[in-house]
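To keep things clear, I will list the structure first and then write my remarks on it.
The values are calculated or read from the model by the stated rules, or taken from the named source; none is laboratory data. For clarity, every value in this text was computed on a predicted model and none was experimentally measured. Every residue, glycine among them, receives a Cβ derived from its backbone with ideal geometry; neighbour counts consider all protein chains shown.
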Amino acid sequence: MMKFRTDSADDTAELGRKLGSMLQRGDNVCLIGDLGSGKTAFTGGLAKGLGISGYITSPTFTIVNEYEGRLPLYHFDVYRISDVDEMLDTGYYEYIDGDGVTVIEWADLIKEILPSERIEVHIEKNDQVRSDSRTITIRFIGERTAEYERRLAGESTCG
């Protein structure tokens, strides 16, 4: 587990970019945080790390957005999903087991179907420090834990 503090939306996006630059085909990033905590900003940075240009929007009403880059990015927002069956109807497993990187905002709402190999990113507001300050905890779950922690620690200038 690694902890970082960011002091702006740009810092949050930069940490996402660093993570995105090291992701591999089949990686699953699970974002957990309150409304307005910076999940979409982090995802925008992650997309840049995957070589995706353009503006990244949260797929709150469409459930999933797809972007092309070094690897395809499948960006889920499950905030409006009513139950796991509805999530499965989206083709969830085809994305998770697909040829790209999957990012799931509000991943804690579907914890019973999260992949066993995943990167969990918890984003918390630090309003007592600064209104745009965040504590970001990244936990790698699965076989590549040590490799990812080493690579992210080597690239990080945050926290």
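Tabulated results
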quantity: Where a residue in the stretch 76-93 is over 14 Å from E112 (Cα atoms) and its partner, wherever it lies, is assigned to a helix (DSSP H, G or I) and not aliphatic (A, V, I, L, M), with Cβ under 6 Å and at least six apart; calculated: none
quantity: Residues within the stretch 20-56 that are under 20 Å from E124 (Cβ atoms), outside any strand (DSSP E or B) and touching a helix residue (DSSP H, G or I) at 6+ places or on another chain (Cβ under 6 Å), tallied; calculated: 6
quantity: Residue within the stretch 152-159 that is of a type in the set (D, E) and either touching a Phe, Trp or Tyr at 6+ places or on another chain (Cβ under 8 Å) or crowded, with 16+ Cβ neighbours inside 10 Å (or both) present; calculated: no
quantity: Residue, surrounded by the fewest Cβ atoms within 10 Å (Cβ to Cβ), within the stretch 35-63, restricted to residues that are modelled with pLDDT under 95 and closer than 14 Å to T137 by Cα; calculated: S37
quantity: Matching residues in the stretch 19-74 - criterion: being farther than 18 Å from L152 by Cβ, within 12 Å of the chain's Cα centre (by Cα) and among the hydroxyl-bearing types (S, T, Y); calculated: T40, S58, Y74
